[in-house]
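Asks: The structure follows.
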Amino acid sequence: MSSKVSVDFPAEIFGVETNSALIHQVVVAQQAAARQGTHKTKTRSERSGTTAKPFRQKGTGRARQGSMIAPHMIGGGVVHGPQPRNYAQRTPKKMKAAALRGVLSDRARHGRIHVVDVLVTENASTKAAKEALAALGGRNRNWLVIIDRSDDLTALSVRNLPEVHALYADQLNTYDVLVSDDVVFTQAGYESFLAKAQGSTKEEAE
């Protein structure tokens, strides 16, 4: 069985002030970057169709028409329709790191970050992983589990749990922390994340 590990959360990562505006900006940029941007409608010049007039100019009592592919005709081109585009927004690395520290600090202040030695031992087991998470804080929660790159055992154990989203330590991001109720680090995952986060904090200080 897994056991909870007592750790000291560094104040420069888990004890900073939460900037809601910054977090919102980073999350919006992250969601925008996930958009494919492949939407497309055909303009008048791209529609296939005859260039002949639909009917003669005069004598029909109808409004004059010059083309069957005009925008107001059925099957005609679309005016000001969506075109392929890139929705990505420029988000500096320091801004992403600051937003992540902000949401982690909020979770830490409310006791919603947990560190365990391992979730499962020996063999991959969805049942064992579910029981280990339930022991941390009951049921009906959305869990974000952070693991080390080499931890295939935990990845296999939690992948079929609908209430659990697993990420490698180097994939941890603001949005996934924000939409999760609790964050669970395995000890190896926590150490891996901490090494990277403290390195980026030192770079910002310089």
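The values are calculated or read from the model by the stated rules, or taken from the named source; none is laboratory data. Here the structure is a predicted model, which is why all the values come from computation and not from measurement. Here Cβ is always computed from backbone atoms with ideal geometry, including for glycine, and neighbour counts include all displayed protein chains. Remember, those area values only see protein heavy atoms, side chains included, never the ligands or the DNA or RNA. Shrake-Rupley method; radii C 1.70, N 1.55, O 1.52, S 1.80 Å.
Asks: So, counting K/R as plus one and D/E as minus one, what does the shell of residues with Cβ under 14 Å around His72 add up to?
Replies: +4
Asks: Order the following by accessible area, largest value first: Ser150, Ser192, Ser180. Probe radius 1.4 Å; ligands, DNA and RNA are ignored.
Replies: Ser150, Ser192, Ser180
Asks: Over the chain, what is the relative contact order in whole percent, taking alpha-carbon pairs under 8 Å and six or more residues apart?
Replies: Contact order relative to length: 25 percent.
Asks: Where the only charges are on Cβ atoms (+1 Lys, Arg; -1 Asp, Glu), what is the dipole of the chain about its Cα centre, to the nearest 20 debye?
Replies: The calculation lands at about 2400 debye.
Asks: List every residue whose amide H lies under 5 Å from the amide H of His114, counting only residues 5 or more places away in sequence or on a different chain, with H placed 1.01 Å from N in the peptide plane.
Replies: Hits under the 5 Å cutoff: Val183, Val184, Phe185.
Asks: Say we join alpha carbon atoms closer than 10 Å with springs in a Gaussian network model of the chain; which of Tyr175, Tyr87, Tyr190 then has the biggest fluctuation?
Replies: Tyr87
Asks: Right, here's the next one. Output the antiparallel fraction of DSSP beta bridges having both residues in the chain, as a percent to the nearest 5.
Replies: The antiparallel fraction comes to roughly 5 percent.
Asks: Return one number: the angle in degrees, 0 to 90 and rounded to the nearest 10, between the long axis of the Cα atoms of helix 187-205 and the longest principal axis of the Cα atoms of the chain.
Replies: Between helix and principal axis, roughly 70 degrees.
Asks: By per-residue mean of other Cβ atoms within 10 Å, what is the highest-first order of 125-134, 66-75?
Replies: Ranked from most to least packed, the peptides come out as 125-134, 66-75.
Asks: Scan around Tyr168 for amide H atoms under 5 Å from its own, H built in the peptide plane at 1.01 Å from N, and keep only partners 5 or more places away or cross-chain.
Replies: Amide H neighbours of Tyr168, under 5 Å, 5+ apart: Ile147.
Asks: Separate question: Compute the helix-to-body angle for 20-33: its Cα long axis versus the longest principal axis of the chain, expressed 0 to 90° and rounded to tens.
Replies: That works out to roughly 60 degrees.
Asks: So which lysines can Lys4 reach, going by Cα to Cα under 23 Å and dropping same-chain residues fewer than 8 places off?
Replies: Lys127, Lys130, Lys196
Asks: Give me the angle, in degrees from 0 to 90, between the Cα long axis of helix 126-137 and the longest principal axis of the Cα atoms of the chain, rounded to the nearest 10.
Replies: 70
Asks: So what's the back-of-envelope 222 nm ellipticity for the chain, counting only DSSP H runs of four-plus at -39500 (n - 2.57) apiece and dividing by all residues, rounded to 500?
Replies: Calculated at 222 nm, the ellipticity per residue is -11500 deg cm²/dmol.
Asks: I've got another one for you. Please check: in the Gaussian network model of the chain (C-alpha springs, under 10 Å), which one of Glu12, Glu163, Glu122 has the largest mean-square fluctuation.
Replies: Highest fluctuation of the listed residues: Glu122.
Asks: Another question, then. Which of these, Thr41, Thr154, Thr50, has the largest mean-square fluctuation under a Gaussian network model of the chain (Cα springs below 10 Å)?
Replies: The residue with the greatest mean-square fluctuation here is Thr50.
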